[in-house]
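Presented below is the structure to which this report refers.
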Amino acid sequence: MIVPAEHILDYIPQRPPIVMVDEILEYNEKTILTSFQIKADNIFVEDGIFTESGLMENMAQSAASKVGYACKKSGEEVSLGFIGAISKVKVYDLPKVGAYIKTKIIFDKTVFNVSLINAQVYFENNLICQCEMKIVIDNP
């Protein structure tokens, strides 16, 4: 783990109760791997299940954590980002309260301030959700 839960807010612009990333586990120039534990009081939990919306937010925040980590690494302020589009969404399973999920983000292409990413969410090494997102970075 390279960023523990107690420091994650230094790398993402979101604040409680909308934080959907706990830790940064791995990082390189093209990918990031994050973890998140689903808690009962999470705003995206319904009837003990983490919803599709929660998975989308987790993937977006995982992408934001990569941008934030890169900014911090180069001594810059953490940039804000916005979801420009979501496509090719496939949800295979929804995790229950208590589950630890891992999210892998691969930055495929970046043109100016728009990045195309592939996102994959895993529970117990099983792929439970994937999609493509266009992320727009607001560079100060």
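I want to confirm something. Restricting to region 108-120 and keeping residues that are surrounded by 18 or more Cβ atoms within 10 Å (Cβ to Cβ) and touching a Phe, Trp or Tyr at 6+ places or on another chain (Cβ under 9 Å), which single residue is nearest to Thr31 (Cα to Cα)?
Among residues in region 108-120 that are surrounded by 18 or more Cβ atoms within 10 Å (Cβ to Cβ) and touching a Phe, Trp or Tyr at 6+ places or on another chain (Cβ under 9 Å), the one nearest to Thr31 (Cα to Cα) is Ile117.
Could you please tell me which pairs satisfy a Cβ distance under 7 Å, a separation of 6+ or placement on different chains, a first residue in region 54-67 that is part of a helix (DSSP H, G or I), and a second residue that is surrounded by fewer than 24 Cβ atoms within 10 Å (Cβ to Cβ) and of a type in the set (S, T, N, Q)?
Pairs that qualify, where the first residue is part of a helix (DSSP H, G or I) and the partner is surrounded by fewer than 24 Cβ atoms within 10 Å (Cβ to Cβ) and of a type in the set (S, T, N, Q), are Gly54/Asn42; Gln61/Gln14; Val67/Ser79.
Answer with yes or no whether Ser74 is hydroxyl-bearing (Ser, Thr, Tyr), free of Cβ contacts under 8 Å to residues at least 40 places away in the same chain and more than 20 Å from Met133 (Cβ to Cβ).
yes
Which ones in region 57-77 are among the aliphatic types (A, V, I, L, M) and over 18 Å from Asn113 (Cα atoms)?
Met59
Does any residue in region 101-122 that is at pLDDT 95 or above come within less than 8 Å, Cβ to Cβ, of a residue that is of a type in the set (Gly, Ala, Ser) and surrounded by fewer than 21 Cβ atoms within 10 Å (Cβ to Cβ) six or more places away or on a different chain, and which pairs are these?
What qualifies is Ile101/Ser35; Lys102/Ser35; Thr103/Ser35.
Of everything in region 38-53, what is part of a helix (DSSP H, G or I) and surrounded by fewer than 13 Cβ atoms within 10 Å (Cβ to Cβ)? Give them in sequence order.
Scanning region 38-53 gives a single hit, Ser53.
Only one of Ile49, Ile43, Ile32 is over 20 Å from Ile106 (Cα atoms), of a type in the set (A, V, I, L, M) and touching a Lys or Arg at 6+ places or on another chain (Cβ under 7 Å). Can you tell me which?
None of the other options fit; the residue is Ile49.
Can you find even one residue in region 94-103 that is surrounded by fewer than 18 Cβ atoms within 10 Å (Cβ to Cβ) and among the β-branched types (Val, Ile, Thr)?
Yes, that holds for at least one residue.
Taking the options Ile8, Ile12, Ile32, Ile24, name whichever one is at pLDDT below 95 and in contact with a helix residue (DSSP H, G or I) (Cβ under 8 Å, 6 or more places away or on another chain).
Matching residue, one of Ile8, Ile12, Ile32, Ile24: Ile12.
The values are calculated or read from the model by the stated rules, or taken from the named source; none is laboratory data. Predicted model only: the values in this text are computed from it and were never measured. A quick note on method: Cβ atoms are made from the backbone with ideal geometry, for glycine too, and the neighbour counts reach across all protein chains shown.
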